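Only one structure is covered here, and it is reproduced in the block below.
The values are calculated or read from the model by the stated rules, or taken from the named source; none is laboratory data. Keep in mind it's a predicted model, so treat the numbers as computed, not measured. Positions of Cβ are backbone-derived with ideal geometry, glycine not excepted, and every protein chain shown enters the neighbour counts. Surface areas here come from the heavy atoms of the whole protein model, side chains and all, with no ligands, DNA or RNA. Shrake-Rupley method; radii C 1.70, N 1.55, O 1.52, S 1.80 Å.
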Amino acid sequence: TGTNGKTTTKELIHVVLSSAYNTHKNVKNYNNEIGVPFTLMQLDDNFTAAVIEMGMNHTGEIERLALMVQPDIGVITSIGAGHLEFLGSVENVAFAKCEIMKGMKPGSTLIANRDTECFHIIARLAAEHGLGLLTYGLDPESRVKPDSYTLTEESTTVVYKKTKVTVPLYGKHNIHNILAALAVAESA
């Protein structure tokens, strides 16, 4: 979940996990209270992993989705000024996105963008829920951070632990999306 980057990050995580697991994912951005159950109903014993994008625009939606999904690994891509007409402030957006934790068992891993607004809220709530917090980003305190990165008109490249990852996506924001997928790979 997150204000931005959900669908791109979901697609990147799916690619990463599919290299080791038979992995299912939401179709397109079917990330709401209709799309998530639809995706869950498609799961069967053939799948060993699933990447479930969760979206919202009102308080309580992520909690309901998270209780359905019960993620072993949760990812918060970003916190920003989305749906302020319903939530009122960026801080309230952070609390709404952090509802994902309500579907996670203590000891599970929450992966969060350390560069995002209201990171302090994410960190505090993760500790209160007894979750392991794995951070990513450009912030020097991030656990998953690039050795270097390169942006071109055709692609974004991140070097992480001396491994070069290039995706055909444009824009600095995609560095975060790639780092989120790498953090999931380290946690899976």
| task | Output yes when any residue across the range 3-22 is in a strand (DSSP E or B) and open to solvent by 20 Å² or more (accessible area, probe 1.4 Å), and no when none is. | result | no
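Condition first: of a type in the set (S, T, N, Q) and in contact with a Gly (Cβ under 8 Å, 6 or more places away or on another chain). Now tell me which residues in the range 131-188 satisfy that.
Scanning the range 131-188 gives 156, 177.
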| Out of the residues in the range 40-86 that are touching a Phe, Trp or Tyr at 6+ places or on another chain (Cβ under 6 Å) and closer than 12 Å to residue 24 by Cβ, which is least open to solvent (accessible area, probe 1.4 Å)? | 49
| Taking the condition under 16 Å from residue 10 (Cα atoms), open to solvent by less than 40 Å² (accessible area, probe 1.4 Å) and within 18 Å of the chain's Cα centre (by Cα), does residue 111 pass? | yes
| query | Any idea how many residues of the range 60-92 are farther than 25 Å from residue 182 by Cβ and part of a helix (DSSP H, G or I)? | reply | 12
| query | Just for the range 87-99: of the residues that are open to solvent by less than 60 Å² (accessible area, probe 1.4 Å) and under 10 Å from residue 59 (Cα atoms), which one is nearest to the chain's Cα centre (by Cα)? | reply | 97
